[in-house]
Amino acid sequence: MSLDVKTLCKYRLARAKEDLLAAENNHRAGFYKAAINRSYYAIFHSIRAVNILNDFDASKHSSVIAHFNQFYVHTGEFD
């Protein structure tokens, strides 16, 4: 794995953690729609972090999710 891929993966995981924290704060404050939005992006950035380890990158949400499903969910690596 190249350093750039590892760095990008770590960056995306950090972004996911930040979104998750924002989701938790929004939920506590009663901003439920914002909490759902930040939760979605926490998951999305986490999936992009995993996908880049497989040398796959895309900006379209449908492509990111489809690749993750095909190579990680259907293979049993993730439930």
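The values are calculated or read from the model by the stated rules, or taken from the named source; none is laboratory data. The structure displayed is predicted, hence computed values, not measured ones. Only protein heavy atoms, including side chains, enter the accessible area calculation; ligands, DNA and RNA are left aside. Shrake-Rupley method; radii C 1.70, N 1.55, O 1.52, S 1.80 Å.
Per-residue Karplus couplings for the range 71-79, computed as 6.51 cos²θ - 1.76 cosθ + 1.60 with θ equal to phi - 60°, are listed in order as 9, 10, 6, 5, 7, x, 5, 10, 6 Hz, Gly and Pro entered as x. Largest first, the extents of the alpha carbon coordinates of the chain on the three principal axes equal 40, 28, 21 Å. Sequence-ordered 3J(HN,Hα) estimates for the range 30-39 from the Karplus curve with 6.51, -1.76 and 1.60 and θ = phi - 60° stand at x, 8, 5, 5, 5, 5, 5, 4, 5, 5 Hz, glycine and proline given as x. Cross-link partners of K6 among lysines, defined as those whose alpha carbon lies under 20 angstrom from its own and excluding same-chain residues fewer than eight positions apart: K17. For the chain, modelled as a GNM whose springs connect Cα atoms under 10 angstrom apart, the maximal fluctuation among K17, K60, K33 occurs at K60.
Tell me, what is the per residue accessible area of the range 1-50 in Å², probe radius 1.4 Å?
Per-residue accessible area for the range 1-50 comes out at 71 Å².
Listed by chain and number, the aspartates and glutamates whose C-alpha is less than 14 Å from the C-alpha of K33, apart from same-chain residues fewer than 8 away, are D19, E24. Surface composition of the chain: carbon and sulfur make up 58 percent of the accessible area, probe 1.4 Å. Computed on the chain, with alpha-carbon pairs under 8 angstrom and 6+ residues apart, the relative contact order is 30 percent.
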